[in-house]
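Undergrad: Pasting a structure here, questions to come.
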2 protein chains.
Amino acid sequence: MRNPIVAYIAGAMAGFVFGCLFRFDTYLAKDRGGDSNGGGTANQRLIYVVTPTYARPQQKAELTRLSYALRLAGNIHWVLVEDSAKPTEMVSSLVKQSGIPFTLLNVETPPEYKLRTRDPSWLKPRGVLQRNAALHFLREKTSPEDDSVVYFADDDNTYDVRLFEEMRLTKKASVWPVGLVGGLMVERPIVIDGRIKRFNAVFRPDRTYPIDMAAFAVSLKLLKNHPDAVFSLNVPRGHQETHFLTKLLSRVSELEPRADNCTKVLVWHTRTENTDLKLEKRLAMPSNQGIEV
Amino acid sequence: MRNPIVAYIAGAMAGFVFGCLFRFDTYLAKDRGGDSNGGGTANQRLIYVVTPTYARPQQKAELTRLSYALRLAGNIHWVLVEDSAKPTEMVSSLVKQSGIPFTLLNVETPPEYKLRTRDPSWLKPRGVLQRNAALHFLREKTSPEDDSVVYFADDDNTYDVRLFEEMRLTKKASVWPVGLVGGLMVERPIVIDGRIKRFNAVFRPDRTYPIDMAAFAVSLKLLKNHPDAVFSLNVPRGHQETHFLTKLLSRVSELEPRADNCTKVLVWHTRTENTDLKLEKRLAMPSNQGIEV
């Protein structure tokens, strides 16, 4: 390397590469979220977030705000399952635009199992076939080495992005409190000396796992080791979680308490009111003619 | 530069600088939102987002998901105004943790103007004194050169981050559709040849500005030029917007239509159900004893 021009070019190349590497580190530091409030990196353990969803006036709004929590949460794969005979244009374009890696599935609930508009929301099980479609996808289409976490996130709940950091620690099954559910401000496991001793649930406290769908996450490997763990159209109200978890675990003490020994609320069972559309009939044509809402 | 070592070092330095500049560009590209779906930069025009908020079981959940939209929206200053005699610990720590630049204010609504739990939400005006406190702050505490935009964002609505890009274009006052409000799927101005000709509102269509609080943004300079534009505890239901806008504008045609001539829905008037807490009384102590929900 006697020629100064060659030396200069070689130096420039080395410098450029170093400059680029320097950039790479900075990205990671930024992505790790200096505000201790979420922000993801590709080094984070992956979470498959399973969201059953169905058509209703507020659907796009709900999926929009859920997508923002997932964008900020970091390394997520969003498994969206529509309750429909075929994928809808709205959900397809929303999930693509979100920038979140995703799988879009659909399966229609048979009419006899579907809620009618005026039925109370608890009358029939919801999201059963959709969650099962996601379970089938996760068991069949992921690699045997995939060490990810699986979480069932309904589209109307509210998620603190720090919840996702908690569930990334899951060995077999994690559990944490849920706010605004079961007739209580917070429904949660009671932890003594780092082990779950009981639950504070008042609604059907006789259930083995008296917790909400939003209260737990499981490892993908555990799911694959127990292929019979699925949801059912034929279990009583509030028993889906117990029906599912009893296939995966042999006792309550196997649940791993998260969120400071189940003392922090990082997810809320918020429910959005059905939209009052009574004035639509006074219009000559629908207000949303040609407009996606 | 005869010495190859000197040449190499010079080249390395030049390459390093170029590598760093390359990074800088990439950051900007990333921050500008390569996914066309939000993501902010400091070069964006600032928006003061005014949010009146009051204590209720779902308050923290609502503020949490609103904060995520604002984090993704880019250059925002969040003016949160609590309906309380003093700032609350929950809201203070939430807004600090959000990482969003903020101003936290508080003013209590007198009891005779406050809704009781079982009152319908429209019975009394809401957020009036809180929005006025924010207006006072904006008029008194910002610089005369401040060319920002002001938007009133209630804590229960749902915001698409692209809405904030629309409002950054505001000259005097911008307007756009709102989903799920006024008894309709979408309430909106009807635009013909780029000008607003009328509104599709069915609820009190006789109002000069028959639009929701979420439907418009105004420039800070316009606010300062009309110091008498405030909200009032003594106007009929649904008339706050008209009461306020008639002080700022002389005619409807001054409103600047955004969101593709008011054909895109980027904000939804979602309402969260009041939480059913009837089972709390069966517990010896509150479920949230010592726990922030």
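To keep it simple, each residue is scored yes or no on (1) farther than 28 Å from A:LEU63 by Cα; (2) under 20 Å from the mean Cα position of the chain (by Cα); (3) among the polar types (S, T, N, Q).
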position	(1), (2), (3)
A:VAL202	yes, no, no
A:ASP206	yes, no, no
A:LYS247	yes, no, no
A:GLU256	yes, yes, no
A:ASP260	yes, no, no
A:VAL267	no, yes, no
A:ASN274	no, no, yes
A:ALA284	yes, no, no
A:GLU292	no, no, no
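Undergrad: Please state which of the following conditions A:GLN97 fails to meet, knowing it meets all the rest: (1) modelled with pLDDT of 65 or more; (2) under 30 Å from A:ASP147 (Cβ atoms); (3) within 12 Å of chain B (Cβ to nearest Cβ); (4) within 17 Å of the chain's Cα centre (by Cα).
TA: With (1) modelled with pLDDT of 65 or more; (2) under 30 Å from A:ASP147 (Cβ atoms); (3) within 12 Å of chain B (Cβ to nearest Cβ); (4) within 17 Å of the chain's Cα centre (by Cα) applied to A:GLN97, the lone miss is (4).
Undergrad: Here's something else I'd like to know. Suppose the filter is modelled with pLDDT of 95 or more and surrounded by 20 or more Cβ atoms within 10 Å (Cβ to Cβ); does B:VAL107 pass it? Lay out the reasoning, then the answer.
TA: Details: modelled with pLDDT of 95 or more: yes; surrounded by 20 or more Cβ atoms within 10 Å (Cβ to Cβ): no.
No; evaluated as a whole, the condition is false for this residue.
Undergrad: Identify all residues within region A:165-183 that are within 18 Å of A:LEU255 (Cβ to Cβ) and not charged (D, E, K, R); write none if there are none.
TA: If the condition is that a residue be within 18 Å of A:LEU255 (Cβ to Cβ) and not charged (D, E, K, R), then A:MET167, A:LEU169, A:THR170, A:ALA173, A:SER174, A:VAL175, A:TRP176, A:PRO177, A:VAL178, A:VAL181, A:GLY182 are the ones that fit.
Residues checked against (1) surrounded by fewer than 17 Cβ atoms within 10 Å (Cβ to Cβ); (2) modelled with pLDDT under 95; (3) in contact with a His (Cβ under 6 Å, 6 or more places away or on another chain); (4) within 14 Å of another protein chain (Cβ to nearest Cβ):
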residue	(1), (2), (3), (4)
A:TYR113	yes, yes, no, no
A:ARG116	yes, yes, no, no
A:PRO125	no, yes, no, no
A:LYS141	yes, no, no, no
A:ASP147	yes, no, no, no
A:TYR159	no, no, no, yes
A:THR170	no, no, no, no
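Undergrad: If you check B:ASP83 against the conditions, is it under 15 Å from B:VAL49 (Cα atoms), touching a strand residue (DSSP E or B) at 6+ places or on another chain (Cβ under 8 Å), among the acidic types (Asp, Glu) and modelled with pLDDT of 95 or more? Lay out the reasoning, then the answer.
TA: Values: under 15 Å from B:VAL49 (Cα atoms): no; touching a strand residue (DSSP E or B) at 6+ places or on another chain (Cβ under 8 Å): yes; among the acidic types (Asp, Glu): yes; modelled with pLDDT of 95 or more: yes.
No; evaluated as a whole, the condition is false for this residue.
Undergrad: Can I ask one more? So A:VAL191 clears everything in (1) hydrophobic (A, V, I, L, M, F, W, C); (2) surrounded by fewer than 23 Cβ atoms within 10 Å (Cβ to Cβ); (3) free of Cβ contacts under 8 Å to residues at least 60 places away in the same chain except one condition, right? Which one?
TA: Among (1) hydrophobic (A, V, I, L, M, F, W, C); (2) surrounded by fewer than 23 Cβ atoms within 10 Å (Cβ to Cβ); (3) free of Cβ contacts under 8 Å to residues at least 60 places away in the same chain, A:VAL191 violates only (3).
Undergrad: Is it the case, given these coordinates, that B:PRO177 is in contact with a Cys (Cβ under 6 Å, 6 or more places away or on another chain) and crowded, with 18+ Cβ neighbours inside 10 Å?
TA: Details: in contact with a Cys (Cβ under 6 Å, 6 or more places away or on another chain): yes; crowded, with 18+ Cβ neighbours inside 10 Å: yes.
When the stated conditions are applied, B:PRO177 passes them.
Undergrad: Here are some residues: A:SER219, A:SER232. Which one is over 22 Å from B:LEU283 (Cα atoms), of a type in the set (S, T, N, Q) and surrounded by fewer than 16 Cβ atoms within 10 Å (Cβ to Cβ)?
TA: Sole residue among the options that is over 22 Å from B:LEU283 (Cα atoms), of a type in the set (S, T, N, Q) and surrounded by fewer than 16 Cβ atoms within 10 Å (Cβ to Cβ): A:SER232.
Undergrad: Let me ask another. Condition check: touching a Phe, Trp or Tyr at 6+ places or on another chain (Cβ under 7 Å) and either more than 10 Å from every other protein chain (Cβ to nearest Cβ) or within 24 Å of A:LYS124 (Cα to Cα) (or both). Does A:LEU63 satisfy that?
TA: Working: touching a Phe, Trp or Tyr at 6+ places or on another chain (Cβ under 7 Å): no; either more than 10 Å from every other protein chain (Cβ to nearest Cβ) or within 24 Å of A:LYS124 (Cα to Cα) (or both): yes.
The answer is no for A:LEU63.
Undergrad: If you don't mind, another one. Spot the failing condition for A:VAL150; the list is (1) in contact with a Phe, Trp or Tyr (Cβ under 8 Å, 6 or more places away or on another chain); (2) touching a residue at least 40 places away in the same chain (Cβ under 8 Å); (3) farther than 16 Å from A:THR51 by Cβ, and only one is missed.
TA: Failed condition: (3).
Undergrad: Filter region A:172-203 down to the residues that are within 11 Å of chain B (Cβ to nearest Cβ) and assigned to a loop (DSSP other than H, G, I, E, B) and list them by number.
TA: Listed by number, the residues that qualify are A:PRO177, A:GLY182, A:GLY183, A:ARG188, A:ASN200, A:ALA201, A:VAL202, A:PHE203.
Undergrad: Picking from B:ALA217, B:ALA284, which residue would you name as being within 14 Å of chain A (Cβ to nearest Cβ) and hydrophobic (A, V, I, L, M, F, W, C)? Can you show your working first?
TA: Working: B:ALA217 fails: within 14 Å of chain A (Cβ to nearest Cβ).
When all the criteria are applied, what remains is B:ALA284.
The values are calculated or read from the model by the stated rules, or taken from the named source; none is laboratory data. Being a predicted model, the structure only gives us computed values, none of them experimental. Here the Cβ is made from the backbone with ideal geometry for all residues, glycine too, and neighbour counts use every protein chain on show.
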